Structure formats: C-alpha cells, structure tokens
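Have a look at the structure below, then the notes.
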Amino acid sequence: MPLNYPQPGQRVADQSETNFQAAQAVNGKLNVPGGKLKISNVPIGSVAYSSLGTSTTNVIQLWTTDIFVPLNRVVSNIAFLQGSGSVTDNWVGVIYDSYGNIVASTALAGQAQSGASTFQVQAIALVYTQSATTAGTFSSAAATSVSLLGPQQYFVGIQINNTSANAINLVATNTFLDVCCGAITAGTFGTIPATITPVTTFTALKGPIAYLS
C-alpha cells in the first residue's frame with residue numbers, strides 16, 4: 001500500500017512489506033504519513049454536537065460503526081459523542097479489523113462519562129494478538145497505542161454499563177449514506193467479544209458517532 005507522497009525519511013513499501021516496515025527501515029521507528037488529527041465515522045463540525053445525532057437511552061450491548069482509516073495511523077484514543085443527559089455511567093471502547101477480529105480496547109473497567117452532548121475520549125489500554133494455533137483465541141497486552149494499516153475498514157464498538165436515558169448520541173435515519181451501523185450482543189459490561197460479524201448494512205439508531213485519534 002503506497003504512501004500518498006513520500007516525505008523526507010520515508011520510502012514506499014515494496015510488495016513484501018507494509019508501509020510501517022518501510023518507515024522503520026529508514027527511521028528505525030513507525031511513521032504516520034499525513035492524514036487528519038482525528039478519523040471519524042461521520043463528518044463532524046458542520047452542526048452543533050447536540051444536533052449531530054439522536055440522543056438515546058443506553059442498552060448494555062456493543063453499539064457498532066465502521067470507520068475508514070485512509071492511511072497508516074498510530075491510534076492512541078477512542079472517542080464517542082455522549083447524549084444530552086449528564087450521566088456518569090462507565091464506558092468501554094473497542095476496535096475490530098475488517099474481518100471482525102479484536103485489535104485494541106480501552107481499559108475494561110471503563111471510564112465514567114462526564115458532560116452532555118460532548119465527545120469523551122478514552123485512551124487505548126490493551127492490544128490483542130490472535131493465537132497462531134487456535135482460531136478465535138486472543139491474548140491481550142497492556143499498551144498505550146495501536147498501529148492501524150490503511151487504507152482499511154475498521155469497526156469501533158462502544159459499550160456502556162447502565163441503561164440511563166440520553167447516554168449516547170447515535171446516527172439517525174438517512175442522515176449519512178456511507179456508514180455501516182449495528183448493535184452486537186454484549187450484555188455483560190467489560191466482557192468484549194473477541195470476534196464480531198462485521199456490520200455491512202446501516203441500521204438507524206445503532207451506530208455511535210465516534211472518532212479515533
């Protein structure tokens with residue numbers, strides 16, 4: 001996957017390596033070639049946050065959306081748009097690859113929500129590696145960031161530990177044409193599925209408004 005335009009200290013990967021490996025060969029470290037400060041699933045900034053989605057009562061499940069990563073990125077945070085209620089429920093964020101395999105998550109104990117109609121950011125705390133011998137089995141390790149390869153589709157899930165009213169803002173009907181959204185069963189808070197069936201359709205009021213940074 002070639003870079004857009006190589007910068008000093010970069011070179012384009014050949015067919016046997018990724019751009020991350022190419023960057024390491026030159027600089028001895030990972031390189032993030034351009035891109036935006038934040039990668040979101042829907043355009044953010046044209047309307048007030050309170051009008052961006054539909055404020056919704058939480059269900060303890062995995063609110064899931066796809067998110068397109070256009071370039072190689074080192075991601076340190078997951079964020080979602082809170083609802084209009086000033087709730088203090090705990091939440092967990094998780095990233096899956098295009099096959100539905102878990103890649104990274106925030107701390108499974110969660111972080112308390114704070115503020116109405118604002119984005120809350122939580123740091124990556126765990127990265128996951130699939131077993132080489134047992135399909136569907138993953139091990140986790142502490143981390144503060146994860147390397148995502150682009151261009152590639154990923155999925156972001158948000159799980160909240162209570163059923164408070166107006167806890168989360170969700171993508172409403174027919175507001176965005178190019179986002180996949182759905183709810184995935186995950187009824188025990190802090191227990192995150194290691195694999196999901198990738199969401200390939202849009203279901204209204206199931207997808208969080210989220211970004212990676």
Please determine whether any residue of segment 131-140 is in the same structural domain as THR65 (by TED's automatic domain parsing), assigned to a loop (DSSP other than H, G, I, E, B) and among the aromatic types (Phe, Trp, Tyr).
no
Sole residue being within 13 Å of ASP66 (Cβ to Cβ) and in contact with a strand residue (DSSP E or B) (Cβ under 6 Å, 6 or more places away or on another chain), chosen from GLY207, GLY150:
GLY207
Would it be correct to say that ALA107 is of a type in the set (A, V, I, L, M, F, W, C), in a loop (DSSP other than H, G, I, E, B) and out of contact with any Pro (no Cβ under 8 Å at 6 or more places or on another chain)?
yes
Of the residues in segment 156-201 that are of a type in the set (A, V, I, L, M, F, W, C) and more than 17 Å from the chain's Cα centre (by Cα), the one that is modelled with the lowest pLDDT is LEU177
Segment 61-87: number of residues that are under 15 Å from ILE168 (Cβ atoms) and surrounded by fewer than 16 Cβ atoms within 10 Å (Cβ to Cβ):
1
Does segment 152-209 hold any residues that are among the charged types (D, E, K, R) and either assigned to a strand (DSSP E or B) or without any contact (Cβ under 8 Å) to a residue 24 or more places away in the chain (or both), and which are they?
ASP178
Output yes when any residue across segment 196-211 is farther than 30 Å from VAL47 by Cα and surrounded by 15 or more Cβ atoms within 10 Å (Cβ to Cβ), and no when none is.
yes
Please verify whether segment 20-38 includes one or more residues that are within 25 Å of ALA167 (Cα to Cα) and either at pLDDT 85 or above or among the aliphatic types (A, V, I, L, M) (or both).
yes
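The values are calculated or read from the model by the stated rules, or taken from the named source; none is laboratory data. Since this is a predicted model, take the numbers as computed values, not measurements. Reconstructed Cβ throughout: ideal geometry from the backbone, glycine too, with neighbour counts over all protein chains shown.
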